[in-house]
Structures are given as structure tokens and as C-alpha cells.
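Worksheet: one structure, shown below.
Nothing in this text is a laboratory measurement; each read-out follows from the coordinates by a stated rule. From a predicted model like this one, the values you see are computed outputs, not experimental measurements. Cβ atoms come from the backbone with ideal geometry, glycine included; neighbour counts cover every protein chain shown.
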Amino acid sequence: MLSSISQVRSLARALQPRMVSTRRSLHMYPETGFLEMRTSAIISERLHALGYEVLTGREVLDAEMRLGVPDAAVLEEHAKAVLTQEGTPCSYLTGDMKEGITGVIGILRCGEGPVTALRFDIDALGMTERTDPDHRPFREGFSSRNPGMMHACGHDGHTAIGLGVAEILMQLRDSLHGTLKLIFQPAEEGARGARALTAAGHLDDVDYFIGNHIAPTHSLDDGDVTAGTWGSLATTKYDVIFHGLAAHAGGYPEKGSNALLAAAEAVLALHAIPRHSGGQSRVNVGVLHAGTGRNVVPDRASMQVEVRGETTEINAYMAERCEAICRGAAQMQGCTVDLVKVGEAEGQHSDLPLIERIDRVLAENLPELRLSSIQNAQNWGSEDISIMMNRVQAHGGQATYMRTMTDLASAQHTVGFDFEESVLQNACEVFCAIVLDLMGESAS
């Protein structure tokens, strides 16, 4: 394996400028969940050129299982804009992509052996990026050109890493045994995309599943790589719409059904849900809109709500209480309510045998990268990679969700986010070294 690792290092070093260029191109044209049309077309073009078997559109996702899909007008407007954007490989922009069925899978078949899947998320956030000289992407000319969208979590980097991995492993295919799946997943933000991809069956034959997220260098992750993580919260996210009946608030208030009051009662009751004794639980109403005028009984109110739990079971308890409260609040005010699930994730853990194997592989082959002293760090927030990991683990496969550390300009999900791009080469080397171990001579 030493000669192969030497090739990995050499190839990753040579690819670093291209990975940086790819990352910056993606950063300029960020695309939120199920709008990743230009991004998917670029990935598809690159994988085709390298010789991968490429799946797109309905080959990647069970379209009916997508959550929080933008409406048709938004999809159409974005598809038109993408056609005019620099660097869009228009011939790879499929009809499915234009309909919001995004994401790409590249498959490399190398005979008998294990099936290994690597996951790279590709979507951006609905944020407006900083525009001042202290912000490097703006200063150096690669800040967002898509209004209200920004790569503020590093998924532009993840995509660039995945394409770098694809190029190196194709050159080393004679050293591999088994099947490699490179999964470029849409709509991770809001926990919307993994369910549809998993439902399409792509994880059902996977023996080893590995994801990674760039993360800030700090005292917990005190190295360059943390081989495993655990504990991201299960979550369910809802759009809740109360429907009432408008009336004149002074003249005939009794003829109305107040949707705003129903929503307000729901907000208070939701935040009063008893917390679960079995572990952490969360609830938050982040958005509330209602009413049309001072003297009108509001006939419509909408909320954006999420619940979370330390385990899938605790989250299910929170979700059940949430739904019951919203229906009860509507009934109290003579209203009806629609609860639309727009995102979900499950509880997550990494497999210790795979973590230990990765630690050994990196210690032996990439000793210049420091392993964190905590080999299995706790996650916070939620991540829909959990759905994919749990599907693999349910049939006896092993999965892990790694971190590769880098300096950040500001925290993830903030308007000044940026990262030190040397992590692209580091992460690329890490993925390739692991795959060579899992799919090398001993796998045949």
C-alpha cells in the first residue's frame, strides 16, 4: 500500500489548485436544497469525463420522498438563471435537475469485493454573504453571486474534495477490489435530501459508509482528523399553516375564526412540552407570520417549527406532542391546520471498529496528519447523514462520520464564513487512504 499512498499524496498535492478553483467556482454560485442544478451538472460532467458510471435525477432520488421542495416557479426561475452563469456545463443540465431532482452518484466497479460509499453534501444556505474587504471571498472575487444564497457551511469544499477523490481513485483503480460509490447528496441543510436518496436503495448493498465534515480547530478536535462522531440529534421540521375565517374585528368578531390566536396558543404550548427523561429534547418556533390588518380577524397564520431528540425515539415523542398541540390549538379557535413535514433526521452513531481501522490507516500512512485524542467526538445539531448511516448499519454494514479540521474565518452558518483551503488536500488524502485500505488487496 505504501506505493499507492505515495501516489495519493503526489496526486492530491497536484490536484490542490484545481480543488481550490472548483471550491471557489461553487462558492460564487451557491444553490440551496433541490436547486443544486449548476452544481449537479458540474459534478456529472467531471465524473463522466473521468470514466465513472454516473447516475442523476430519478436514478439518484425517490422524487416523491423529497422534503421541502421549492415551488415550481422558484425552480423555473433558478433553472433559467443557471443557464446564464459562468461555468455551467449546460449539456449536463438534465430535465430532472431543472425539476429539483438534484444530486449525483458516481460508481466505479472493480470486480469482487466490498461496496464502499463516500458521501459529500453539495447544498448551500439561504443567507446573504458579507460584502466588505475584510471578507476574503469578497476581497478575492469569489463571493456569492446568487442573491440570498451562500456556502456558509463548507459544502462547496466537500464537493471539491469529492471530485478530487474521484480523480485520484480512478487513477488507482487497478489497486481496488469491489465497488465504490461517490454520493453527492442534495439538500442536507434542513435535513431534506437523505431520506429520498436512501429510499432509492443506494445504501442497501453498502458494506462501508464514510462521511466527513470540515470543522473548526478547537480543544475537542485537537488534531487534523477525528475518525468518528456520535450523538447528532434526531429532528423533525414542520411548516404549520392555520386556516381560519376573516371577519371585521369591531363589527362582527364572532363571525371570524382567529388563525393568529390558534398559532399563538400553539407557540406557547409547544415550548411547554415536558422534556423527556430519557435524554435531550428540543423544540423551537423560529418563524410566525399572521394577519392582514389591525381591524381584521386573521384568517391565516403560518409557523416554521422544529423538534429534536437525543434519540430517534425521543424525537418521535416530541413530534407526536407537536402535532397534537397544533391540532388542538386549531380546534380551540374553530380553525383547521396543515402540518407539512419539510425535514427529518435520525439519531446517529459511528461504528467503533471502523473508527479504529481508520485511526490505524491514517497513523501508518499519513502520519503528518494528527489524529484527535478523542477518536469519537460528540455532535450537536442534526444531520441527515444519520438516515444513510442507519440504513447501512441496519443490514450489518459499518459507518462513520468524520471531521477534518481547519481554521475558520467565522462560525459555520454565519455571513462571514470561510475556511483555510489546505483542508481540501488533507481530506482528499484521508478519503483515498481509507478506500485503499478497505478495497485493497486484502478485499479481493
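Structure notes:
- Charged neighbours of M97, selected by a Cβ distance under 11 Å, balance to -1 (K, R count +1; D, E count -1).
- Aspartates and glutamates with Cα under 17 Å of K80, excluding same-chain neighbours fewer than 8 positions away: E31, E36, D71, D96, E99
- Cα shape, segment 155-212, gyration tensor, a/c 1.5 rule: oblate
- In segment 245-381, the C-alpha radius of gyration followed by the widest Cα-Cα span (Dmax) gives 23.0, 80 angstrom.
- Size of segment 213-320: Rg and Dmax of its alpha carbons, in Å, are 20.2, 68.
- If you plug the beta carbon distance of E112 and S219 into 1/(1 + (r/R0)^6) with R0 = 51 Å, you get a FRET efficiency near 0.70.
- Crossing angle, helix 72-82 versus the chain [Cα axis fit, 0-90 degrees, rounded to tens]: 40
- Residue order, fewest to most beta carbons within 10 Å, for W230, W380: W380, W230
- Stretching the chain fully between Q280 and E441 yields a gain of 53.5 nm (0.36 nm per residue, less the alpha carbon separation).
- Residue by residue, segment 322-336 carries 3J(HN,Hα) couplings of 4, 5, 5, 5, 5, 5, x, 5, 5, 4, 4, 9, x, 10, 10 Hz when phi is fed to the Karplus relation 6.51 cos²θ - 1.76 cosθ + 1.60 (θ = phi - 60°); x denotes Gly or Pro.
- Semi-axis lengths (Å, descending) of the ellipsoid that matches the C-alpha gyration tensor of the chain: 41, 24, 20
- Relative to the longest principal axis of the Cα atoms of the chain, the long axis of helix 155-171 lies at roughly 30 degrees.
- Once the C-beta distance of C90 and M332 is scaled by a Förster radius of 60 Å, the resulting FRET efficiency is 0.65 to the nearest 0.05.
- Subtracting the Cα-Cα distance of I374 and A394 from their residue separation scaled by 0.36 nm leaves 4.6 nm.
- Local electrostatic count, T22, Cβ distance below 9 Å [Lys/Arg +1, Asp/Glu -1]: +3
- Counting every other Cβ atom within 10 Å of each residue's Cβ, E99, E36, E344 order from fewest to most as E99, E344, E36.
- Within the shell of other residues whose beta carbon sits under 11 angstrom from the beta carbon of I5, the net charge comes to -2, with Lys and Arg scored +1 and Asp and Glu -1.
- Sites matching trypsin sites (Lys or Arg not before Pro) across segment 261-366 that sit in DSSP coil, with at most 16 neighbouring C-beta atoms within 10 Å: R275, R294
- Modelled spin-label separation between E77 and R58, with each label point placed 7 Å from Cα along the Cα-to-Cβ direction: 2.8 nm.
- For segment 321-384, the share of alpha carbon pairs falling in successive 10 Å distance bins from zero is 16, 26, 19, 14, 12, 11, 2 percent.
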